[in-house]
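Following: one structure in structure tokens, then a few remarks.
The values are calculated or read from the model by the stated rules, or taken from the named source; none is laboratory data. None of the values given here were measured: they were computed from a predicted structure. Cβ placement follows ideal geometry from the backbone for every residue including glycine, while neighbour counts extend to all protein chains displayed.
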Amino acid sequence: MNPRQFRLEDLARLVQGEYVGQSDLILEGLASLDVAQAKHIAFVNADKYLDHARASKAGALIVTAALKSQLDTHNNFIIVDNPYLAFAILTHVFEKKHTQQGIESTAQIHSSAIVADSAYIGHYVVIGENCVVGDETVIQSQVKIDDDVEIGKQCFIDSHVTLTGETKVGDRVRIHANTVIGGEGFGFAPYQGKWNRIAQLGSVKIGNDVRIGSNCSIDRGALDDTILEDGVIIDNLVQIAHNVKIGANTALAAKCGIAGSTTIGKNCVFAGAVGVVGHINITDNVTITGMSMVTKNISEAGSYSSGTPMLESLHWKRAAVRFKQLADVPLTQLVKRLDHIQAQIESLESTFKRK
Amino acid sequence: MNPRQFRLEDLARLVQGEYVGQSDLILEGLASLDVAQAKHIAFVNADKYLDHARASKAGALIVTAALKSQLDTHNNFIIVDNPYLAFAILTHVFEKKHTQQGIESTAQIHSSAIVADSAYIGHYVVIGENCVVGDETVIQSQVKIDDDVEIGKQCFIDSHVTLTGETKVGDRVRIHANTVIGGEGFGFAPYQGKWNRIAQLGSVKIGNDVRIGSNCSIDRGALDDTILEDGVIIDNLVQIAHNVKIGANTALAAKCGIAGSTTIGKNCVFAGAVGVVGHINITDNVTITGMSMVTKNISEAGSYSSGTPMLESLHWKRAAVRFKQLADVPLTQLVKRLDHIQAQIESLESTFKRK
Amino acid sequence: MNPRQFRLEDLARLVQGEYVGQSDLILEGLASLDVAQAKHIAFVNADKYLDHARASKAGALIVTAALKSQLDTHNNFIIVDNPYLAFAILTHVFEKKHTQQGIESTAQIHSSAIVADSAYIGHYVVIGENCVVGDETVIQSQVKIDDDVEIGKQCFIDSHVTLTGETKVGDRVRIHANTVIGGEGFGFAPYQGKWNRIAQLGSVKIGNDVRIGSNCSIDRGALDDTILEDGVIIDNLVQIAHNVKIGANTALAAKCGIAGSTTIGKNCVFAGAVGVVGHINITDNVTITGMSMVTKNISEAGSYSSGTPMLESLHWKRAAVRFKQLADVPLTQLVKRLDHIQAQIESLESTFKRK
């Protein structure tokens, strides 16, 4: 594998930055400040990393002008307003790209499916009736694309993904390995002590520029569709139940679970393992901290939390016992009673003194 | 794809209901009240949906007699006692069915395996020694059925499922994509600072009419078996550890986790992300609310909860600090002390007045 | 399938124990005390199981000398210091072993990959460029091994595992079905209301004797690597984010989630569904109880917890309301105020008496 090689000047141009130092310095990769060698470029994003930066063996540093003025240990820089964004852009330069096109001989593609010439279909992929795969989309090996699924252009679908339930996927969508989209929603009508399965007839609609991690489950709707709007990003092991709607550019960290028919607004950020009950509405610009349980509508933007802080286990046990007792302790009354008693005592004292 | 078409009269007969209106009205699908068009039939399940029903463009409505008497906006109805159940039944009428039988040419099936003629085995399925696949069972593409696994009749096993650990599956069982059943239990004997693997020799026994979602992990037993009784329904991303037993018709919502050797009774309902420790017993007819942590036996039917309610994050931080303090605040004593002080004051006051 | 058969004497030798009774007693399997028949050997690990042991139909028992002296119901024993460890060792004797070697005809292996002659590669496995598979390693069917992945010797990789991101795996590593290792980390630079993907350039390094359950997601690092040291054991449905480091012999139970760039020490034990935020350090020998949320560094070995105990739901609702109120109840002040009031009353009383 030949490492990619770039000149400092060229990297600066790619991030619309200004280079300082040797224009033709050859750089072969990005690295963190601690690990970087002379062939690497690293980035510095805040004053608190200046000591690390000074000690770094990186051949060049991506910095702001203000940070550069505090670094006399290095000679080669790219100066930008937002080093983290510049770093994000350069990761794509050094990334190993999938360049293959065409269909591997072992892929099983139904004759009614339409696959773009510029798409790549890996080994042992199975594609059903009436499917569509758009231009420059990469379908890695062993993916299952069930009947009536449509995938836009420039998507990346990693191995062992299952797309079913007539799912429709937009453009530039990335779905990581072993995720299931369009599986049957968990719908049952209880009757005479048994669960009667409700066949799920809705689908999943995924917008453009959506990113879904590995081992996620996103169920098809019962009648209407489950919907992920443009720019939604989802981490690994996330559960999205039937008929959930997630607004544009909302981010869900790993292990979140959203129960059925809940609507989440745009630009929300849910930290890891957040759970949301079904049939509620969460407005735009809501942040939920990790492992919180959301059981009610949220109609005001802001940050919300639940849970208890971590304690040493013996300390926790004592607090936990008290949590049980809280049910029968009228806390707010306690304060009022104290105020009342205080007043009684003061009255007694003053009367007493007057005598 | 030809849409399925049904006459109103015929749909009424399928749900043992009575039709009102045009007997030969053609209906092509089920839809929710809000989305339905003239070709759709929708259902109304309670008075609170009457406004939606009146505004709906649905060609026909499934209702109770009492609901119908309040709807003069529509002409075509199916009248039943339980509209939700009728809807559940009709979903099967409009569902796209898998009708293929036989074995795809690319399936790898060991010569000792027995596959019913009426079963379907998809592309790139691998079936090991001594396996059995029953009548009319559908095994979707890329499934792995390891040695000594047996599957009953009329089952549906979706793509990328792994069945191993000599798992035995009953009839009419549905297992959704990418689920793993019979994987090795997490059993290790700690010795001299290392974990010594305990090879798992038990299996998994799954009854009839069981439903398991996508991306679940259900481990084989250590010595005895892990058991799911008839009618158990399980949502996505659920963990069932070795030697767990789950009673008939119990429902586990997404992201639940049941630790090893725990026994759960019949007809229980666990909401999403409930966690249960190992080696405990939970009786029949127990409901656990979402994200609760179960650490002790439950011997009384009823509903159980843990966790804290969601708060605005700054409010939550103040409450969380107080939770820590609770450990050292003798709550129930506080109330007693207040009562005692109150008595003292009253005694002082009365003595004082008498003087 | 012929059951394996062993003489009592031979089993005793395998666990470095002493047999008592009939040296040539034939045993065909391990079983739990309750289920065992005459052909089985069972183990007794503590006094509390003596009644079960006395009632057991097991042909032989693995016990300590002290336990044996209390068992006159049986004639055949293996006497060891640690019956649980002896049991763990014997599970390997009775386990059905994978003995096949070689490459199934349907495996797709890139010409640049190196596969040991003694390895087994199952049906429909796909192996990319520059991969290495070591001696006696078993790769089950339908596994995906992406470019530049290296796997050591005597590993076991179950079906539908995806290994990507240039992951490097040590020796004697077991990875259970449908797990994804080396998937892209969840890294995005927010800019002008959109999420800019950061291509992940680091890898995953897995030491020797590591065990990873089914349906896990272990992401590749952003720049540096995600690291699991030797002897780490991980249960099912666990999330390990990019750049996490886990120290030797640490155990994570099912459904744990570790956010990005967190470092966990050696010999830790995390119970099920523990969540750990990103960018923190946890020292060696830390135990975290189930479903706890870890949001801060832990620098002292010990046991830590969070959450609230389970209560009957109506009881819980009352306690939960009080949890909200806690934010505005100055708990520690309450106690001080009570002490102060008590002093005032005592002063009043004594003054009063003096009058």
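Candidates are the residues of the range B:120-167 that are in contact (Cβ under 8 Å) with a residue 40 or more places away in the chain and more than 14 Å from chain C (Cβ to nearest Cβ); the one that is nearest to B:ALA222 (Cα to Cα) is B:GLY152. Here's a check for you: in the range A:83-111, which residue that is more than 10 Å from every other protein chain (Cβ to nearest Cβ) and part of a loop (DSSP other than H, G, I, E, B) is farthest from the chain's Cα centre (by Cα)? Per the criteria, the residue is A:SER111.
With respect to the conditions (1) in contact with a strand residue (DSSP E or B) (Cβ under 6 Å, 6 or more places away or on another chain); (2) surrounded by 18 or more Cβ atoms within 10 Å (Cβ to Cβ); (3) under 27 Å from C:GLU184 (Cα atoms), A:ILE89 lacks only one, and its number is (1). For B:ILE280, the test of being crowded, with 17+ Cβ neighbours inside 10 Å, farther than 22 Å from A:ALA320 by Cα, without any contact (Cβ under 8 Å) to a residue 60 or more places away in the chain and within 34 Å of the chain's Cα centre (by Cα) is failed. Restricting attention to the range C:307-321, the residues being assigned to a strand (DSSP E or B) and surrounded by fewer than 19 Cβ atoms within 10 Å (Cβ to Cβ) number 1. Inspect all residues belonging to the range A:308-321 and state whether any of them is more than 9 Å from chain B (Cβ to nearest Cβ) and among the small types (Gly, Ala, Ser). Yes, because at least one residue in the range A:308-321 is more than 9 Å from chain B (Cβ to nearest Cβ) and among the small types (Gly, Ala, Ser). Scanning the range C:18-33 for residues that are aliphatic (A, V, I, L, M) and either part of a helix (DSSP H, G or I) or within 11 Å of chain B (Cβ to nearest Cβ) (or both) gives C:LEU30, C:ALA31, C:LEU33.
Of all the criteria given as (1) closer than 23 Å to C:VAL335 by Cβ; (2) buried (at least 22 other Cβ atoms within 10 Å of the Cβ), the one not satisfied by B:SER292 is (1). The set of residues from the range C:321-337 being more than 12 Å from A:VAL329 (Cα to Cα) and touching a strand residue (DSSP E or B) at 6+ places or on another chain (Cβ under 9 Å) comprises C:LYS324, C:ALA327. Return yes or no: is A:PHE94 touching a residue at least 12 places away in the same chain (Cβ under 8 Å), under 23 Å from C:VAL149 (Cα atoms) and touching a Leu at 6+ places or on another chain (Cβ under 8 Å)? Here the answer is yes, as A:PHE94 does meet what is asked. How many residues are surrounded by 14 or more Cβ atoms within 10 Å (Cβ to Cβ), farther than 18 Å from A:SER69 by Cβ, in contact (Cβ under 8 Å) with a residue 12 or more places away in the chain and of a type in the set (Gly, Ala, Ser) when one looks only at the range A:15-33? Counting residues in the range A:15-33 that are surrounded by 14 or more Cβ atoms within 10 Å (Cβ to Cβ), farther than 18 Å from A:SER69 by Cβ, in contact (Cβ under 8 Å) with a residue 12 or more places away in the chain and of a type in the set (Gly, Ala, Ser) gives 2. In the range B:195-214, the qualifying residues are those that are touching a strand residue (DSSP E or B) at 6+ places or on another chain (Cβ under 7 Å) and of a type in the set (D, E, K, R), and the one that is farthest from the other protein chains (Cβ to nearest Cβ) is B:LYS205. Set side by side, the residues A:GLN192, A:GLN239 differ, and just one is within 12 Å of chain B (Cβ to nearest Cβ) and surrounded by fewer than 24 Cβ atoms within 10 Å (Cβ to Cβ), which is A:GLN192. Name the single residue that is nearest to A:ASP24 (Cα to Cα) among those in the range A:45-79 being β-branched (Val, Ile, Thr) and not in a loop (DSSP other than H, G, I, E, B). Per the criteria, the residue is A:ILE78. Please go through the range B:322-355 and give me each residue that is touching a helix residue (DSSP H, G or I) at 6+ places or on another chain (Cβ under 7 Å), among the basic types (Lys, Arg) and either surrounded by fewer than 19 Cβ atoms within 10 Å (Cβ to Cβ) or outside any helix (DSSP H, G or I) (or both), ordered by number. Once the filter is applied, which keeps residues that are touching a helix residue (DSSP H, G or I) at 6+ places or on another chain (Cβ under 7 Å), among the basic types (Lys, Arg) and either surrounded by fewer than 19 Cβ atoms within 10 Å (Cβ to Cβ) or outside any helix (DSSP H, G or I) (or both), the range B:322-355 yields B:LYS324, B:ARG337.
Across the range A:185-201, not a single residue is classified as out of contact with any Cys (no Cβ under 9 Å at 6 or more places or on another chain), more than 22 Å from B:VAL173 (Cβ to Cβ) and in a loop (DSSP other than H, G, I, E, B). Here C:LYS255 meets each of (1) surrounded by fewer than 23 Cβ atoms within 10 Å (Cβ to Cβ); (2) among the charged types (D, E, K, R); (3) within 13 Å of chain B (Cβ to nearest Cβ) with one exception, condition (1). Among the residues of the range B:286-307, those that are within 18 Å of B:ILE246 (Cα to Cα), small (Gly, Ala, Ser) and more than 7 Å from chain C (Cβ to nearest Cβ) comprise B:SER299, B:ALA301.
Between C:ALA12, C:ALA42, C:ALA36, the distinction of being surrounded by 14 or more Cβ atoms within 10 Å (Cβ to Cβ), assigned to a loop (DSSP other than H, G, I, E, B) and not β-branched (Val, Ile, Thr) belongs to C:ALA36 only.
Pairs linking a residue in the range A:97-119 that is touching a residue at least 40 places away in the same chain (Cβ under 8 Å) to a residue that is of a type outside the set (A, V, I, L, M, F, W, C), with Cβ atoms under 8 Å and 6 or more positions apart or on different chains, are A:HIS98/A:TYR120. Of the listed requirements (1) in contact with a helix residue (DSSP H, G or I) (Cβ under 9 Å, 6 or more places away or on another chain); (2) facing another protein chain (nearest Cβ under 7 Å), A:SER217 misses just one: (1). Can you find even one residue in the range C:259-266 that is crowded, with 24+ Cβ neighbours inside 10 Å and either in contact (Cβ under 8 Å) with a residue 40 or more places away in the chain or in the same structural domain as C:ILE206 (by TED's automatic domain parsing) (or both)? Among the residues of the range C:259-266, at least one is crowded, with 24+ Cβ neighbours inside 10 Å and either in contact (Cβ under 8 Å) with a residue 40 or more places away in the chain or in the same structural domain as C:ILE206 (by TED's automatic domain parsing) (or both), which makes the answer yes.
For the range C:149-165, which positions are part of a loop (DSSP other than H, G, I, E, B) and either aliphatic (A, V, I, L, M) or surrounded by fewer than 22 Cβ atoms within 10 Å (Cβ to Cβ) (or both)? Within the range C:149-165, C:VAL149, C:GLY152, C:LYS153, C:GLN154, C:VAL161 qualify.
Of all the criteria given as (1) in contact with a Ser or Thr (Cβ under 8 Å, 6 or more places away or on another chain); (2) surrounded by fewer than 16 Cβ atoms within 10 Å (Cβ to Cβ); (3) assigned by TED's automatic domain parsing to the domain that holds A:GLY134, the one not satisfied by A:ASP117 is (1). Scanning the range B:34-54 for residues that are among the aromatic types (Phe, Trp, Tyr) and either more than 14 Å from chain A (Cβ to nearest Cβ) or touching a residue at least 40 places away in the same chain (Cβ under 8 Å) (or both) yields one hit, B:PHE43. Checked against the criteria, B:ARG337 counts as at the interface with chain C (Cβ under 10 Å from one of its Cβ atoms) and free of Cβ contacts under 8 Å to residues at least 60 places away in the same chain.
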